[in-house]
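Take a look at the structure below.
The values are calculated or read from the model by the stated rules, or taken from the named source; none is laboratory data. Computed from a predicted structure; not experimentally measured. Cβ sites come from the backbone with ideal geometry, for glycine too, and all protein chains shown count toward neighbours. When the accessible area is computed, the model is the full protein with side chains, heavy atoms only, and any ligands, DNA or RNA have been set aside. Shrake-Rupley method; radii C 1.70, N 1.55, O 1.52, S 1.80 Å.
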Amino acid sequence: MIRPRKILLIGKPKGYSILAIAEELPDNGKIFACAEEPYLGVYSQEAFDHSSDGKKISLRVGPVADTLEALHAEDEHFDIVFIDADQRNAVQYYSFVMDNHLLSMDAVICVENTLMKGQVYLENVSDENVLAVRKLNAVINSDPRVEQLKIGVGEKLLWPEDYPSYQWYLGDRKPGTKQMRIVLYLQVILPVQSGLSLIRRSPVPPDAVIESKTQVVKDEVFWGCNQCRILERLRLDGRVAYVTGGGQGIGRAFAHALGEAGAKVAVVDLVLAKAEAVACELSLKGIKSLALAADVSKPEDVQRMVDAIVARWGTVHIACNNAGINLNSASEETSLEEWDKTFNVNLRGLFLCCQAAGRIMLNQGYGKIINTASMASLIVPHPQKQLAYNASKAGVVKLTQTLGTEWIDRGVKVNCISPGIVDTPLIRSQELRPLVRRWLADIPAGRLAQPTDLQAAVVYLASEASDYMTGHNLVIEGGQSLW
Ligand SMILES: NC(=O)c1ccc[n+]([C@@H]2O[C@H](COP(=O)([O-])OP(=O)(O)OC[C@H]3O[C@@H](n4cnc5c(N)ncnc54)[C@H](O)[C@@H]3O)[C@@H](O)[C@H]2O)c1
């Protein structure tokens, strides 16, 4: 659920369980399993190496306290820490992990055996193990740095009341089995025997935790702007976006990026089938999408596009005006027809989109417009000849600067992205393909851009994180415009 990369197991981990966890980790994931002595099942590096996932496992057999010290010295930190409560020194291990910052920011600690089949709630218990587990529970319960959820069959479930989005279903438990069904954001079935506590860092560090000697400045930088951390501020949940020219190339990458960040995305293209294919890709990833056909150079098409999005999702928050064409010819031979065609899509079409979406955004006092310009707005790419294209893209930058300053006081920010040479169908024509080698010599980065190189920029410009940015031309060209 939290897509961990690094896991620490403290206790008596069983070999097969370790392998099962390793299989679920990404290729760069790692499990550190520390135990006083080898335990059940497959439990040697040699045995793990029979599995292709064995390389993700690092066994540390020996005194656990020493292992923890060593991991701390190596500056390791973990996304999940499993601690078996039913072991000597569990309290020390828990405290070491907390005190020495072995947890990554959004980490979870899973403490197993915290209920000891309910025995921790019995009075007059003399069993040392039960008393030790009870002590560990008390330490965790009184630790202001964390909040926790306890799970145990037939046991009381504890979870802070301000987390209503977590639902619990106990009814599905089959009589006589020790399974219960838990619905969090996704459904998991935990075979819980002796209690499992899920613990995470409290979102608000209590004053007492902050070391008194250090002066802590508790401003927006510390808490996050509006209490949101930087990556949360890049999220686009609940926003409605469209991308023109979204059926392939850069527009397709923009549509995926905006959707992955949480927005609903209308994929707009001259060719409906292309828009539909990308919308289908988005749906497969759980992104709400809509496919629309429109020729951006036609005012009636643009209005129909915006109306369709508003009819479906109520408004437009993010307008990605990306459709563009590039025709090549020597300037003295450029026909008026070619000039008009280029300008009709690249500049007139982009203006029509800015205007139609802008009216809705100005009305609601909020909007993000991201236009696709080009490095050709800054330099004259060569040796290909593309006067109309270069001039149209320079026009996109000036249009962006003008709207960016005209509309910002009404909540609408307008920026543009200027990619260098991006490996898309646009540059795969017979005339342009042979030029790639020539271009590469002009690119400090030593390669063409991939559409994915531009994805973070569009999310940033669409998000609140860029609210102070307007009229900007964000150039992403591997340094080409500097040579
Ligand atoms: N590829 C590059 O090297 C590069 C570099 C800088 C800027 N750009 C700009 O990025 C944008 C996207 O380029 P790409 O490389 O993904 O191009 P592409 O040709 O691969 O894709 C463009 C998409 O826009 C659609 N389209 C064309 N005319 C349209 C119209 N009138 N109305 C609606 N949709 C239309 C096409 O059907 C196509 O799906 C363009 O504005 C382009 O000028 C591209």
In the stretch 401-435, residue farthest from Asn346 (Cα to Cα) [restricted to those that are among the acidic types (Asp, Glu) and more than 10 Å from the ligand (Cβ to nearest atom)]:
Asp409
Any chance the stretch 21-37 includes a residue that's out of contact with any Lys or Arg (no Cβ under 8 Å at 6 or more places or on another chain) and either hydrophobic (A, V, I, L, M, F, W, C) or not assigned by TED's automatic domain parsing to the domain that holds Asn113 (or both)?
yes
In the stretch 374-393, residues that are open to solvent by 10 Å² or more (accessible area, probe 1.4 Å) and assigned to a helix (DSSP H, G or I) total 5
Answer yes if at least one residue in the stretch 91-102 is touching a helix residue (DSSP H, G or I) at 6+ places or on another chain (Cβ under 9 Å), closer than 23 Å to Pro144 by Cβ, part of a helix (DSSP H, G or I) and among the β-branched types (Val, Ile, Thr), and no otherwise.
yes
Run Gly286 past the list (1) assigned to a helix (DSSP H, G or I); (2) without any contact (Cβ under 8 Å) to a residue 12 or more places away in the chain; (3) farther than 24 Å from Lys393 by Cα and report the number of the one that doesn't hold.
(1)
Being open to solvent by less than 30 Å² (accessible area, probe 1.4 Å), β-branched (Val, Ile, Thr), modelled with pLDDT under 95 and part of a helix (DSSP H, G or I) narrows Val459, Val436 down to just Val436
Do any residues in the stretch 2-29 that are in a helix (DSSP H, G or I) have Cβ atoms under 8 Å from those of residues that are modelled with pLDDT of 95 or more, where the two are at least six apart or on different chains, and which pairs are they?
Ile21/Ile7; Ala22/Gly29
Show the residue pairs that are 6+ apart or on different chains and have beta-carbon atoms under 6 Å apart, the first residue being within the stretch 128-151 and within 12 Å of Met116 (Cβ to Cβ) and of a type outside the set (D, E, K, R), the second being in a helix (DSSP H, G or I) and open to solvent by 60 Å² or more (accessible area, probe 1.4 Å).
Val130/Gln119
If you scan the stretch 78-124, which residues turn out to be acidic (Asp, Glu) and either buried (at least 18 other Cβ atoms within 10 Å of the Cβ) or touching a strand residue (DSSP E or B) at 6+ places or on another chain (Cβ under 9 Å) (or both)?
Asp79, Asp84, Asp86, Asp106, Glu112
Go over the candidates Val139, Val133 one by one and state the one that is among the aliphatic types (A, V, I, L, M) and crowded, with 20+ Cβ neighbours inside 10 Å.
Val133
Among the residues of the stretch 320-338, write down those that are more than 9 Å from the ligand (Cβ to nearest atom) and in contact with a Gly (Cβ under 8 Å, 6 or more places away or on another chain).
Cys320
Does the stretch 388-396 contain at least one residue that is more than 9 Å from the ligand (Cβ to nearest atom) and closer than 19 Å to His472 by Cβ?
yes
Output the residues belonging to the stretch 439-456 that are exposed (fewer than 15 other Cβ atoms within 10 Å of the Cβ), within 18 Å of Ala253 (Cβ to Cβ) and among the small types (Gly, Ala, Ser).
Ala445, Ala456
Give all pairs with beta carbons closer than 6 Å in which a residue from the stretch 51-73 that is closer than 13 Å to Gly29 by Cα meets a residue that is among the small types (Gly, Ala, Ser); count only pairs at least 6 apart in sequence or on separate chains.
Asp53/Ala22; Lys56/Ala22; Lys56/Gly29; Ile57/Ala22
Considering every residue within the stretch 410-425, establish whether at least one is modelled with pLDDT of 95 or more, more than 28 Å from the chain's Cα centre (by Cα) and under 29 Å from Ala263 (Cβ atoms).
yes
Looking at Ala275, Ala279, Ala253, can you tell me which residue is without any contact (Cβ under 8 Å) to a residue 60 or more places away in the chain, open to solvent by less than 20 Å² (accessible area, probe 1.4 Å), among the aliphatic types (A, V, I, L, M) and within 12 Å of the ligand (Cβ to nearest atom)?
Ala275
Within the stretch 339-373, of all residues that are open to solvent by 10 Å² or more (accessible area, probe 1.4 Å) and assigned to a loop (DSSP other than H, G, I, E, B), the one farthest from the ligand (Cβ to nearest atom) is Gly365
